[in-house]
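Asker: Take a look at the following structure, please.
The values are calculated or read from the model by the stated rules, or taken from the named source; none is laboratory data. Values in this document were obtained by computation on a predicted structure and should not be read as measured data. A quick note on method: Cβ atoms are made from the backbone with ideal geometry, for glycine too, and the neighbour counts reach across all protein chains shown. Surface accessibility is based on the protein's heavy atoms, side chains included, excluding ligands, DNA and RNA. Shrake-Rupley method; radii C 1.70, N 1.55, O 1.52, S 1.80 Å.
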Amino acid sequence: DVENTLQSEIDLYASYTFSTSGGDIAILFTDYYFPDGNIRLGDFDDGTGAHTLELGVSYAGPESFPIALSVYMNVYNDPGNNAYVELGYPVSLPDDYSMSQFVGATPGSDENPAYYDTEKFGFLNVGFSVSKDIVLTDSFSIPAFISFISNPTTDKAHLVAGFSIGM
């Protein structure tokens, strides 16, 4: 008996990055839309709606020490205001590919442990991503990535792929 665990999710985000002499700092806003359960796209009802809103800040170190640190917190439609912290380190690869290794964790939540499947501290992912810009024309390319993610808290693994279109 195979359990169907496929969950639909559409993530829309906006970010603003500013550079300092010690690295880049970004402020992020994400709208996680979960259309499962026949919840309408426009349903933002707190506690029952299809959207969870998150705020975050990330730091990317300078080229001499390119460590990455990100902190995120759900601020709407999550009674536990679940938080997530990730530490990463990039590695250059041949042919304009890049790879980042990462580890992420949550402090857990007593009020909404189902969000990250834990009430206490837990590692949510250990993995790596490989990315490359797919060149379509001399002046237009699409950044694409693929990630392998292992979740020690739930003892599951995920393969995620995506792309970005900049405005």
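Asker: Report whether or not G49 is at pLDDT 95 or above, surrounded by 13 or more Cβ atoms within 10 Å (Cβ to Cβ) and either closer than 27 Å to I134 by Cβ or touching an Asp or Glu at 6+ places or on another chain (Cβ under 7 Å) (or both).
Answerer: Judged against the criteria, G49 is not a match.
Asker: Quick one: would you say G108 is within 22 Å of G23 (Cα to Cα) and either touching a Phe, Trp or Tyr at 6+ places or on another chain (Cβ under 6 Å) or among the β-branched types (V, I, T) (or both)?
Answerer: no
Asker: Then there's this: Enumerate the pairs (first residue in region 108-120 and open to solvent by 100 Å² or more (accessible area, probe 1.4 Å); second residue anywhere and among the small types (G, A, S)) with beta-carbon separation below 8 Å, excluding pairs fewer than 6 apart on the same chain, so at least 6 apart or on different chains.
Answerer: Note: pairs meeting the criteria are D110/G80; E111/G80; E119/G108; E119/S109; K120/G108.
Asker: Right, another one. Count, please, the residues in region 86-105 that happen to be touching a residue at least 12 places away in the same chain (Cβ under 8 Å), part of a strand (DSSP E or B) and open to solvent by 60 Å² or more (accessible area, probe 1.4 Å).
Answerer: Residues meeting the conditions: 3.
Asker: Only one residue in S15, S21, S58, S64 is at pLDDT 95 or above, of a type in the set (S, T, Y), more than 20 Å from V160 (Cα to Cα) and surrounded by fewer than 15 Cβ atoms within 10 Å (Cβ to Cβ). Which one?
Answerer: Criteria check complete, one pass: S15.
Asker: Is region 29-45 home to any residue that is in contact with a strand residue (DSSP E or B) (Cβ under 6 Å, 6 or more places away or on another chain), open to solvent by less than 30 Å² (accessible area, probe 1.4 Å), at pLDDT 90 or above and assigned to a strand (DSSP E or B)?
Answerer: yes
Asker: Just one of (1) modelled with pLDDT of 95 or more; (2) aliphatic (A, V, I, L, M); (3) surrounded by fewer than 14 Cβ atoms within 10 Å (Cβ to Cβ) trips up L6, so point out which.
Answerer: Every condition holds for L6 apart from (1).
Quick grid of which residues meet (1) in contact with a Lys or Arg (Cβ under 9 Å, 6 or more places away or on another chain); (2) of a type in the set (F, W, Y); (3) closer than 30 Å to S21 by Cβ:
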site: L55; (1), (2), (3): no, no, yes
site: S100; (1), (2), (3): no, no, yes
site: P113; (1), (2), (3): yes, no, no
site: I146; (1), (2), (3): no, no, no
